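A short worksheet on the structure shown next.
No lab work stands behind these numbers, since they all come straight from the coordinates. Here the structure is a predicted model, which means the values were calculated and not measured. No Cβ is skipped: glycine too gets one built from the backbone with ideal geometry, and neighbour counts run over all protein chains shown.
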Amino acid sequence: MEFSSGVEIPFVCVFIMFLLYFVALVPVRKAQAQQDEGYDNSNPRDQYNRLPIWGKRAVGAANNTFEGLVFFSIAVFTYAFSHVFNLNPFGNKYQKIEMTANILCIIYIILRVIYFPLYWFDYPKVRSSVWTIGLLCILSLFIISFI
């Protein structure tokens with residue numbers, strides 16, 4: 001089984017999303033380190049409840065990033081595997097689908113980068129709009145997987 005050359009960008013975007021999860025953890029760890037007891041390596045999740053509001057918001061952003069990574073990865077792999085058995089991978093229709101998938105993946109990553117400060121600094125309406133557009137990108141990846 002060999003993937004066509006059209007899945008590199010989506011796979012790179014999955015890797016970037018994986019890295020973004022660790023970027024999202026930076027302010028969480030900073031908030032934990034600033035606690036009187038410092039970073040509690042024995043019970044780091046218990047420490048989340050004692051964080052200042054900005055630290056709790058950072059935890060929420062990190063958790064949401066991990067959740068997004070799961071759904072985005074499933075959508076990308078569904079797209080990739082749905083095209084493994086494509087009989088005409090060089091046709092015009094496939095090229096349009098491939099370009100659409102690439103654009104959706106890139107938009108999703110950009111939205112996730114925008115999402116962090118919206119969550120950290122408490123802009124709930126804009127954040128929800130960005131999240132919804134990201135969800136639509138994921139749903140679109142699933143849809144084009146079956147075209």
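Rounded to the nearest whole Å³, what is the per residue volume of the convex hull around the Cα atoms of the chain?
Value for the chain: 104 Å³ per residue.
By a straight-distance test (C-alpha under 19 Å), which lysines pair with Lys30 as possible cross-link partners, with residues fewer than eight away in the same chain excluded?
Lys56
Can you give the calculated 222 nm mean residue ellipticity of the chain, where each DSSP H run of n ≥ 4 adds -39,500 (n - 2.57) and the sum is split over every residue, rounded to the nearest 500 deg cm²/dmol?
Computed mean residue ellipticity for the chain: -26000 deg cm²/dmol.
How would you rank 115-128, 49-62, highest first, on the average number of other Cβ atoms within 10 Å across their residues?
By packing density, highest mean first, the sequence is 49-62, 115-128.
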